[in-house]
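The values are calculated or read from the model by the stated rules, or taken from the named source; none is laboratory data. Computed from a predicted model, the values in this text were never measured in an experiment. Methodologically, a virtual Cβ is constructed for each residue, glycine included, from the backbone with ideal geometry; neighbour enumeration extends over all protein chains shown.
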Amino acid sequence: MKLPPDVIFHHAERLMVWIPHGVMDAQRIEQLINALAHEEALAQTYFHRFSDFSFVDRVNLDFDYVFNAALLRRLTHASGPKVKSALVVKSLEAIHYSKLYATLTERSSLQVRLFNNLEAAASWLGFPVALLSIPEAPSKT
């Protein structure tokens, strides 16, 4: 499975990094969920997650979608180990939906926390800041 360009997996560290740009919608989230499920099945383990929504211009989601996505994630991890998910959010719209997701996953094996900066998210996850980025593709000139 080809990964979306805004996703990278650090297999040795069991860390997924997602840094979406532009519009956040259900299709983008479904691509992420599918990539995550695929990589976790291949590795036969769960990955901690880091998502940086700082580059999202607009969120095109609704309550029902976020509710169902959170429920699916809860059910998927019902018997799994604790997994950390750090979300860096800055816009009010992204904060709204991220808080909703975090609330709906409370008391599950998913530990979702919101941060307003990269350093705090890295510290909570226990990874160096350098791992929380996606290398840019070389330009074609």
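Some points to look at:
- In this entry, Ala35 passes the filter for residues that are in contact with a strand residue (DSSP E or B) (Cβ under 7 Å, 6 or more places away or on another chain), small (Gly, Ala, Ser) and either modelled with pLDDT of 95 or more or on the phi < 0 side of the Ramachandran plot (or both).
- Residues that are modelled with pLDDT under 95, in contact with a strand residue (DSSP E or B) (Cβ under 8 Å, 6 or more places away or on another chain) and either of a type in the set (A, V, I, L, M, F, W, C) or within 23 Å of Ala122 (Cα to Cα) (or both) do not occur anywhere in the stretch 65-72.
- Of Leu92, Leu36, all but one fail to be within 12 Å of the chain's Cα centre (by Cα) and either farther than 26 Å from Met1 by Cβ or aliphatic (A, V, I, L, M) (or both); the exception is Leu36.
- For the stretch 5-36, a residue qualifies if it is in contact with a helix residue (DSSP H, G or I) (Cβ under 7 Å, 6 or more places away or on another chain) and surrounded by fewer than 14 Cβ atoms within 10 Å (Cβ to Cβ), and exactly one does: His11.
- Verdict on Ala41 being modelled with pLDDT of 95 or more, part of a helix (DSSP H, G or I), surrounded by fewer than 19 Cβ atoms within 10 Å (Cβ to Cβ) and over 15 Å from the mean Cα position of the chain (by Cα): no
- Some residue of the stretch 23-40 being without any contact (Cβ under 8 Å) to a residue 40 or more places away in the chain, in contact with an Asp or Glu (Cβ under 6 Å, 6 or more places away or on another chain) and under 24 Å from Val129 (Cα atoms): no
- Scanning the stretch 112-127 for residues that are under 12 Å from the mean Cα position of the chain (by Cα) and surrounded by fewer than 20 Cβ atoms within 10 Å (Cβ to Cβ) gives Arg113, Leu114.
- Candidate set: the stretch 98-107, residues that are without any contact (Cβ under 8 Å) to a residue 40 or more places away in the chain and either under 16 Å from Leu118 (Cβ atoms) or touching a helix residue (DSSP H, G or I) at 6+ places or on another chain (Cβ under 8 Å) (or both); chosen: the one surrounded by the most Cβ atoms within 10 Å (Cβ to Cβ): Tyr101
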